[in-house]
Amino acid sequence: MAGAVAGKPNVEVAKKPRKRRRLKVAHPERCIGCLSCMFACSRINTGRASLERSAIRIKTQGGIEGDPIIVVCHACEDPACVRACPKGALSRKEDGSVVFEKDLCDGCGKCVDACLIGAISLDSEGKAVKCKHCGACVAFCPHDVLKLIEVD
Amino acid sequence: MLRRVLYIDLTSGESWVEEKHDLFEEWLGGTGVATQLLLKEAPPGVDPMSPDAPIIFSIGPLSTMFPAMTKTVAQFKSPLTGELGECYAGGRLAMAMRFAGHESIVIKGRAERPCYISIENDRVKIRDATSIWGIGAARVGVILRDVEKGVGRRSIIRIGPAGERLVRYASVIVDTYRHFGRLGLGAVFGSKNLKAIVISGTEDVAIPDSKRYREVYNRIYRMVVQTDAMEKYHDLGTPINVNVLNQLKGLPTRNFQSTSFAEAENISGERLAEEFLFRRVSCAHCPIGCIHIAMLKTAFTPHHEFEVRRVSYDYEPIYSLGSNLGVTTAEGVLELIDTCERLGLDAMSTGVVLSWATEAYEKDLITPQETLGVPFQWNNVKGYIKAMENIVAAPNEFYAALARGVEFAASRYGGMDFAMALGGNEVSGYHTGPASIVGQLVGVRHSHLDNAGYSIDQTAAKKQLDPSSMVDQIIREDDSRSVFNSLVGCLFARGVYTDENIIDALGSIGITKSREELSELGRRIFLEKYRFKTREGFDLSKARIPRRFFETVSTLGRIDPETVERMIALYKERRGWA
Ligand code: SF4
Ligand code: SF4
Ligand code: SF4
């Protein structure tokens with residue numbers, strides 16, 4: 001089983017000199033559909049127990065007997081979500097990471113449409129839910145499905 | 001904090017929500033709250049299948065908040081035993097109820113024609129289900145997934161043909177592979193013309209002190225995934241017990257005629273894991289992944305054309321439909337489990353009814369005329385499948401009797417000595433010693449999980465335990481499980497949820513309880529359940545113990561009826577009932 005050390009939210013990644021990190025689905029076929037990652041993301045990043053506020057999504061197609069589909073942000077080089085946002089709530093930093101400023105978001109949903117992967121959604125308050133690549137979900141996946149990798 | 005009860009009346013089509021702070025304050029949640037709702041909503045002596053009989057679902061304060069707090073409790077008056085009906089299921093139901101914002105749901109009445117209930121947050125719709133009446137449970141799941149919204153966070157529970165046709169041990173299938181199996185909830189659904197419930201919601205749960213919550217969560221999560229407390233459930237799963245119990249001479253075989261099975265290896269957890277297991281999955285918010293799914297491949301032509309079925313397996317169905325029916329191959333067991341799944345029958349009761357019938361057939365208590373030519377023979381898988389279909393279709397009096405449970409069937413055809421039920425409920429797969437018998441007999445729902453007597457016996461096999469301390473342990477488990485089942489956690493994680501962890505977990509979400517308060521609460525909940533049982537006619541002094549238990553060697557050797565009698569007397573005395 002994977003180490004279960006609680007991941008520290010690290011929103012200041014961009015300020016540090018080290019390389020940008022991104023979340024990667026390393027072993028999708030090992031997923032047991034437990035949703036621990038989704039609850040970790042909402043618990044650690046929003047202080048809530050919620051599926052709506054999780055930036056990672058586990059979709060089961062046709063019930064749990066089907067293959068689970070794990071949807072995560074790909075940390076695009078040229079992020080469509082950033083270009084789509086008319087309010088400047090999503091911006092791309094020098095190191096390539098995408099930062100989301102909640103206060104600027106007015107819930108238009110253009111980013112949601114722009115990301116074909118489906119990595120962005122709106123929560124129940126109508127604000128975008130965007131992955132920070134913090135790794136909290138990685139720490140709570142019991143089956144080594146997820147990884148945080150450095151991006152060159 | 002939710003504290004909301006959703007009421008649905010199928011007769012009038014009305015539904016409403018009531019906030020009940022005091023109820024949850026006093027009884028915590030889960031089974032504690034459900035018992036109070038049942039006592040209040042079920043008129044004394046009500047016919048379990050009348051419109052006035054309620055169905056109650058409850059989750060608890062930790063549901064969806066902590067790992068392995070995954071279960072929902074259902075309470076009703078059992079059409080099988082005529083007293084307390086209670087069972088538990090995992091899957092996504094607890095999460096869906098939580099996010100829909102309902103801690104309990106009470107359903108009464110009877111719809112005019114087949115219906116299903118669609119719950120999305122506070123919006124409740126009772127919709128026509130005539131087009132899916134008669135359709136198997138798996139297929140209905142597929143259909144409703146298409147028709148209803150809420151992908152990924154909804155739960156769909158439904159009955160199969162057995163529930164529609166009021167088989168007294170019909171199950172309710174929860175999502176996929178999970179069940180409200182025992183004591184006939186499926187028949188109560190059927191009696192209300194209720195085919196299914198779909199529930200989903202978008203509420204999320206804000207936590208008062210999220211730092212504290214995260215700390216406690218981390219500790220509990222670590223224990224769940226890292227300690228070997230959970231090891232056996234995520235590796236081989238519960239079927240690990242097949243070989244273990246076989247070696248201990250505790251594996252009921254051919255209707256408890258023996259307790260070791262020469263072919264046990266063929267149907268063991270090891271064999272299934274090596275040759276059939278293809279996936280393990282989890283209930284929502286549980287990192288264990290104990291649901292083991294086998295791939296059953298059967299060729300339907302000699303040209304490599306296969307039917308592939310995915311069958312989830314556990315220890316109990318392997319006992320009841322395997323060793324207990326003398327089934328010698330894993331394929332055979334999986335096929336029988338799949339048939340139960342398709343028809344919506346409880347696997348345990350079905351296996352015990354069939355094993356009684358097989359013995360009765362051997363002893364000429366029942367005739368080929370009565371079985372309509374179906375051979376009731378050990379290991380005859382095809383015959384058993386036909387028999388199960390007949391139990392549901394009830395083409396004659398004999399099969400209609402089987403559909404009422406083993407106690408009823410034996411009262412008609414004889415063979416009471418080997419009709420393996422305790423408190424009217426077909427027994428589970430342990431012939432380990434006196435604690436297993438007494439535990440199931442006194443248990444609130446006559447289940448091995450009420451107080452785990454089988455495990456007390458297994459301890460006694462290693463170190464001396466006198467009947468008196470066995471009784472003490474049964475009482476302790478009765479009471480402490482009443483608390484755990486009010487939370488409503490998965491019993492596999494019981495070892496992780498120590499008193500201390502329960503108190504901290506509750507504390508982190510703003511509920512203060514002391515150890516003393518919890519232990520007092522457990523005792524009171526247990527007694528409240530007995531209040532319902534006694535009110536509906538259960539009498540421990542008159543409870544029947546099948547003689548077979550005393551004839552077949554158990555893990556602790558041959559069981560002396562006097563030991564069991566003494567333990568029951570001690571139990572009553574310590575409960576203050578003597
Ligand atoms: S949200 Fe979608 S578009 Fe934006 S960076 Fe992530 S994957 Fe790319
Ligand atoms: S990396 Fe962080 S923000 Fe992204 S899905 Fe995982 S927990 Fe959520
Ligand atoms: S925590 Fe891991 S195993 Fe569980 S659902 Fe998420 S990715 Fe799958």
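The values are calculated or read from the model by the stated rules, or taken from the named source; none is laboratory data. All values derive from a computational prediction rather than experimental measurement. Virtual Cβ from ideal backbone geometry, glycine too; neighbours counted across all protein chains shown.
For the residues A:Leu146, A:Leu116, A:Leu104, A:Leu122, the requirement of being within 16 Å of ligand 3 (Cβ to nearest atom) and aliphatic (A, V, I, L, M) singles out A:Leu146.
For segment B:177-195, check the following and say yes or no: at least one residue is within 21 Å of B:Leu2 (Cβ to Cβ), within 9 Å of chain A (Cβ to nearest Cβ) and not hydrophobic (A, V, I, L, M, F, W, C). No; the residues of segment B:177-195 include none that is within 21 Å of B:Leu2 (Cβ to Cβ), within 9 Å of chain A (Cβ to nearest Cβ) and not hydrophobic (A, V, I, L, M, F, W, C). Annotation: of all residues in segment A:74-89 being among the small types (Gly, Ala, Ser) and assigned to a loop (DSSP other than H, G, I, E, B), the one that is nearest to ligand 2 (Cβ to nearest atom) is A:Ala75. Applying a threshold of 7 Å to beta carbon distances and a minimum spacing of six or more residues, or different chains, the list of pairs starting in segment A:137-152 at a residue that is within 16 Å of ligand 1 (Cβ to nearest atom) and ending at one that is outside any loop (DSSP other than H, G, I, E, B) and modelled with pLDDT under 95 reads A:Leu148/A:Arg21; A:Ile149/A:Arg21; A:Ile149/A:Arg22; A:Val151/A:Arg21; A:Val151/A:Arg22.
Entry remark, segment B:274-318: residues being charged (D, E, K, R) and within 14 Å of another protein chain (Cβ to nearest Cβ) number 4 in total.
Note on segment B:1-58: enclosed strands (runs of 3 or more DSSP E) holding 3 or more residues that are under 23 Å from B:Thr70 (Cα atoms) are B:4-9, B:55-58. Among the numbered conditions (1) at pLDDT below 95; (2) surrounded by fewer than 21 Cβ atoms within 10 Å (Cβ to Cβ); (3) within 14 Å of chain B (Cβ to nearest Cβ); (4) within 16 Å of ligand 2 (Cβ to nearest atom), the only one that A:Val71 does not meet is (1).
Of the residues that make up segment A:131-144, is at least one within 14 Å of chain B (Cβ to nearest Cβ), closer than 30 Å to B:Asp146 by Cβ and either away from ligand 2 (no atom under 16 Å from the Cβ) or assigned to a strand (DSSP E or B) (or both)? Checking segment A:131-144: not a single residue is within 14 Å of chain B (Cβ to nearest Cβ), closer than 30 Å to B:Asp146 by Cβ and either away from ligand 2 (no atom under 16 Å from the Cβ) or assigned to a strand (DSSP E or B) (or both). In the set (1) surrounded by 14 or more Cβ atoms within 10 Å (Cβ to Cβ); (2) within 27 Å of B:Gly90 (Cβ to Cβ); (3) away from ligand 1 (no atom under 16 Å from the Cβ), A:Arg53 fails one condition alone, (3). Scan segment A:47-68 for residues that are at pLDDT 90 or above and either under 13 Å from the mean Cα position of the chain (by Cα) or within 16 Å of ligand 3 (Cβ to nearest atom) (or both) and the total you get is 10. If you check B:Ala273, B:Ala294 for being buried (at least 19 other Cβ atoms within 10 Å of the Cβ) and small (Gly, Ala, Ser), only one passes: B:Ala294.
As a summary of the residue check, B:Arg310 satisfies the conditions (1) modelled with pLDDT under 95; (2) surrounded by fewer than 24 Cβ atoms within 10 Å (Cβ to Cβ); (3) under 29 Å from B:Asp457 (Cβ atoms) except for the one numbered (3).
None of B:Tyr399, B:Tyr384 is over 23 Å from B:His179 (Cα atoms), among the aromatic types (Phe, Trp, Tyr) and out of contact with any Asp or Glu (no Cβ under 8 Å at 6 or more places or on another chain) except B:Tyr399.
Candidates are the residues of segment B:321-363 that are within 24 Å of B:Lys249 (Cβ to Cβ) and among the charged types (D, E, K, R); the one that is surrounded by the fewest Cβ atoms within 10 Å (Cβ to Cβ) is B:Glu362. Evaluating B:Arg222 against the criteria (1) under 17 Å from B:Ser63 (Cα atoms); (2) within 11 Å of another protein chain (Cβ to nearest Cβ) leaves one unmet condition, (1). Summed over segment B:112-160, residues that are closer than 23 Å to A:Pro68 by Cα and not in a strand (DSSP E or B) total 18. For B:Asp346, are the conditions met, namely being at pLDDT 95 or above and within 14 Å of another protein chain (Cβ to nearest Cβ)? It is false that B:Asp346 is at pLDDT 95 or above and within 14 Å of another protein chain (Cβ to nearest Cβ).
Here B:Glu265 qualifies as surrounded by fewer than 21 Cβ atoms within 10 Å (Cβ to Cβ), more than 9 Å from every other protein chain (Cβ to nearest Cβ), modelled with pLDDT of 95 or more and in contact with a Lys or Arg (Cβ under 8 Å, 6 or more places away or on another chain). The numbered conditions (1) over 30 Å from B:Asn324 (Cα atoms); (2) buried (at least 24 other Cβ atoms within 10 Å of the Cβ) are all true for B:Leu527 except (2). Flag not set for B:Val172, criterion: farther than 30 Å from B:Pro395 by Cβ and away from chain A (no Cβ under 13 Å).
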